[in-house]
Amino acid sequence: MITVVGVGPGNPKLLTSYALEKIKEAKVLVGGKRLLGQFDTKAKKIPYGKNFDLKNIDKLGDSIVVLASGDPLLYGIANTLLKYFKKEEIEIIPGISCVQYMASKLKVSLDDAKVVSFHGRREKLEEILNYKKIFIFTDKVNTPQKIAKDLRKASCTDYVIFVGENLSYEDEKIYKFTLRELAEYEYEFGINLVLLLGE
Ligand SMILES: C[S@@+](CC[C@H](N)C(=O)[O-])C[C@H]1O[C@@H](n2cnc3c(N)ncnc32)[C@H](O)[C@@H]1O
């Protein structure tokens, strides 16, 4: 059995007790370095990098726990594992997504929210602009500044844009910009989530 555990946005306080139980029971713990470093267990720790052979992850041992940031099924590793393994071979423990976390901080309802990922991929901007509330996962290429510039190029200026940086960690910061301000903002954000709010 492969267990995928959602560990929330990062701060251990936001980990569910069931998730912690599963992590403690693991004999093999697979995950990104940032997440692996957060858990002090006897399990064999295997970092999940670019060349990781996900298709053969079941060969790593008996009790394998895969750490996923936020919720494993929201643009997470559980979706990829479900392509390679049968549903019965995987257990998924939900976690608090950084989307839920940021919405709670800003007191913004999720009822009408659209969530997209620019993390290692590119959804077309025009496909999301029918929405007034859009959460966007970013990466080092698709930065908040790049998104703001692209929106300005597409003449979509009716948004305010929030950037949630290092959410749930001690150095968390949530910024509010106009698109123009963000496009011209010279700063390299830490791990971040973007929220576009239509006016
Ligand atoms: C591949 S997505 C996975 C999202 C995850 N499944 C979830 O539900 O939160 C990774 C992206 O989530 C966002 N992210 C994850 N943790 C974050 C945090 N603590 N603060 C800000 N953004 C975060 C970043 O945009 C990062 O590139």
- request: Could you please give the count of residues in segment 115-160 that are under 19 Å from the mean Cα position of the chain (by Cα) and among the small types (Gly, Ala, Ser)?
  value: 2
statement: Picked from segment 171-199 (must be over 15 Å from the mean Cα position of the chain (by Cα) and touching a residue at least 60 places away in the same chain (Cβ under 8 Å)), the residue nearest to the ligand (Cβ to nearest atom) is ILE174
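Residues that are open to solvent by 10 Å² or more (accessible area, probe 1.4 Å): find the strands (runs of 3 or more DSSP E) completely inside segment 1-87 holding 3 or more of those.
Answer list for segment 1-87: 44-47.
Do we have LEU106 as more than 24 Å from ASN79 (Cβ to Cβ) and within 16 Å of the ligand (Cβ to nearest atom) here? Don't jump to the end; show me each part of the working.
Working: more than 24 Å from ASN79 (Cβ to Cβ): yes; within 16 Å of the ligand (Cβ to nearest atom): yes.
Answer is yes for this residue.
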- prompt: Out of all the residues in segment 88-100, which are within 12 Å of the ligand (Cβ to nearest atom) and open to solvent by 30 Å² or more (accessible area, probe 1.4 Å)?
  reply: ILE92, PRO94, ILE96, CYS98, GLN100
query: When segment 150-177 is examined, which residues are found to be over 16 Å from MET102 (Cβ atoms) and at pLDDT 95 or above?
result: GLU170
query: Hey, does segment 64-81 have a residue that's more than 23 Å from LEU14 (Cα to Cα), under 20 Å from the mean Cα position of the chain (by Cα) and within 14 Å of the ligand (Cβ to nearest atom)?
result: yes
query: Among the residues of segment 55-67, is there at least one that is within 30 Å of VAL141 (Cβ to Cβ), in contact with a strand residue (DSSP E or B) (Cβ under 8 Å, 6 or more places away or on another chain) and among the acidic types (Asp, Glu)?
result: no
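The values are calculated or read from the model by the stated rules, or taken from the named source; none is laboratory data. Everything numeric here is computed off the predicted structure, so don't read it as measured data. Here the Cβ is made from the backbone with ideal geometry for all residues, glycine too, and neighbour counts use every protein chain on show. Accessible surface areas use protein heavy atoms only, side chains included; no ligands, DNA or RNA. Shrake-Rupley method; radii C 1.70, N 1.55, O 1.52, S 1.80 Å.
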